[in-house]
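Peer 1: Mind looking over this structure? Questions follow.
Values quoted throughout were computed directly from the atomic coordinates according to the rules given, and no laboratory measurement underlies them. Keep in mind that this is a model prediction, so the values were computed, not measured. Glycine gets a Cβ as well: all are built from the backbone with ideal geometry, and neighbour counts include every protein chain shown.
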Amino acid sequence: MKRKLLQAGILGIAIAPVLACATAQYQPPAASGSAEDSQREIDLSYDEVWERLVQFTAGTYFGIDNFEKESGLMTLSFGAEDPGRFVDGGRWKSTAPAFEGNYVDYLARYQNGQLTGRMNIVVTELASNRTRVRVNARYVFSSVVVDPYTSQRITNSWSFNTGTADTASVANAAMGTPPTRTLRPTHAAEREILDAIDSP
């Protein structure tokens, strides 16, 4: 028994410096975005704008859930293999594992981070050759980490809309970092829709 305790003590001494040497730094994302990220008035007729919208979304990663030309509403769903393109989680730097970059990319790589989104697009006729397009997306991002002591799966999740952010407490905050993390949209998805419709 004494031999087993001695071995455990030796292991504990060997592991402690490794954990102590692991460091992490976190900086929340800066506020960003403008009205142009979610709304635009376009010098085209309603029919032309709607046609461009349908043609573009049908050929992209967006999934069309519903659309009704009479009401001017289209609903899309989307996910992403590259969530850092659509969500800014701030700056993360760690030594174990070694990583430096968008916190969302860190979660996607090491904690099974996944993004799902739903987007409402509203097209409104302002004049015969003037149409307004509004885009609002709902983002849901989640990650899963396994507690090394209990083997319990812990889920961290965030949800936010275009132009907003969500700050949530995380159960597995690295030592030396704050207990919360903030996620906000990059508005790349919204701009992609508006730019495709508004292109020459």
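Peer 1: Since Trp50 meets every condition but one in (1) surrounded by fewer than 20 Cβ atoms within 10 Å (Cβ to Cβ); (2) more than 30 Å from Ser157 (Cα to Cα); (3) in contact (Cβ under 8 Å) with a residue 40 or more places away in the chain, which condition does it not meet?
Peer 2: (1)
Peer 1: Those residues that are part of a strand (DSSP E or B), in contact with a Ser or Thr (Cβ under 7 Å, 6 or more places away or on another chain) and not hydroxyl-bearing (Ser, Thr, Tyr), I need them from the stretch 142-180; list them, please.
Peer 2: Val144, Asn156, Asp166, Ala168
Residues are listed down the side, and each one gets a yes or a no for (1) farther than 23 Å from Thr23 by Cβ; (2) small (Gly, Ala, Ser); (3) loosely packed, with under 14 Cβ neighbours inside 10 Å; (4) under 19 Å from the mean Cα position of the chain (by Cα):
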residue	(1), (2), (3), (4)
Arg118	yes, no, no, yes
Val123	yes, no, no, no
Asn129	yes, no, yes, no
Val133	yes, no, no, no
Phe141	yes, no, no, yes
Arg153	yes, no, yes, no
Gly163	yes, yes, no, yes
Ala168	no, yes, no, yes
Pro185	yes, no, no, yes
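Peer 1: To continue, here is another question. Quick one: Thr60 ticks every box in (1) in a loop (DSSP other than H, G, I, E, B); (2) within 28 Å of Arg181 (Cβ to Cβ) bar one, so which box is it?
Peer 2: Checking Thr60 against (1) in a loop (DSSP other than H, G, I, E, B); (2) within 28 Å of Arg181 (Cβ to Cβ), the one that fails is (2).
Peer 1: Can you spot a residue in the stretch 101-113 that is without any contact (Cβ under 8 Å) to a residue 12 or more places away in the chain and assigned to a strand (DSSP E or B)?
Peer 2: Among the residues of the stretch 101-113, not one is without any contact (Cβ under 8 Å) to a residue 12 or more places away in the chain and assigned to a strand (DSSP E or B), which makes the answer no.
Peer 1: For Asp195, indicate whether it is among the acidic types (Asp, Glu) and either surrounded by 20 or more Cβ atoms within 10 Å (Cβ to Cβ) or within 29 Å of Asn66 (Cβ to Cβ) (or both).
Peer 2: yes
Peer 1: Only residues in the stretch 143-161 that are free of Cβ contacts under 8 Å to residues at least 12 places away in the same chain count as the first member; pair them with residues that are hydrophobic (A, V, I, L, M, F, W, C), Cβ under 7 angstrom, at least 6 apart or cross-chain, and list the lot.
Peer 2: Pairs that qualify, where the first residue is free of Cβ contacts under 8 Å to residues at least 12 places away in the same chain and the partner is hydrophobic (A, V, I, L, M, F, W, C), are Arg153/Val144; Arg153/Val146.
Peer 1: If you don't mind, there's one more thing I want to ask. Hey, among the residues in the stretch 61-93 that are within 23 Å of Thr131 (Cβ to Cβ) and without any contact (Cβ under 8 Å) to a residue 24 or more places away in the chain, which one's surrounded by the most Cβ atoms within 10 Å (Cβ to Cβ)?
Peer 2: Applying the filter and picking the extreme gives Phe67.
Peer 1: Hey, can you tell me all the residues within the stretch 36-57 that are over 10 Å from Arg130 (Cα atoms), more than 22 Å from the chain's Cα centre (by Cα) and assigned to a strand (DSSP E or B)?
Peer 2: Arg40
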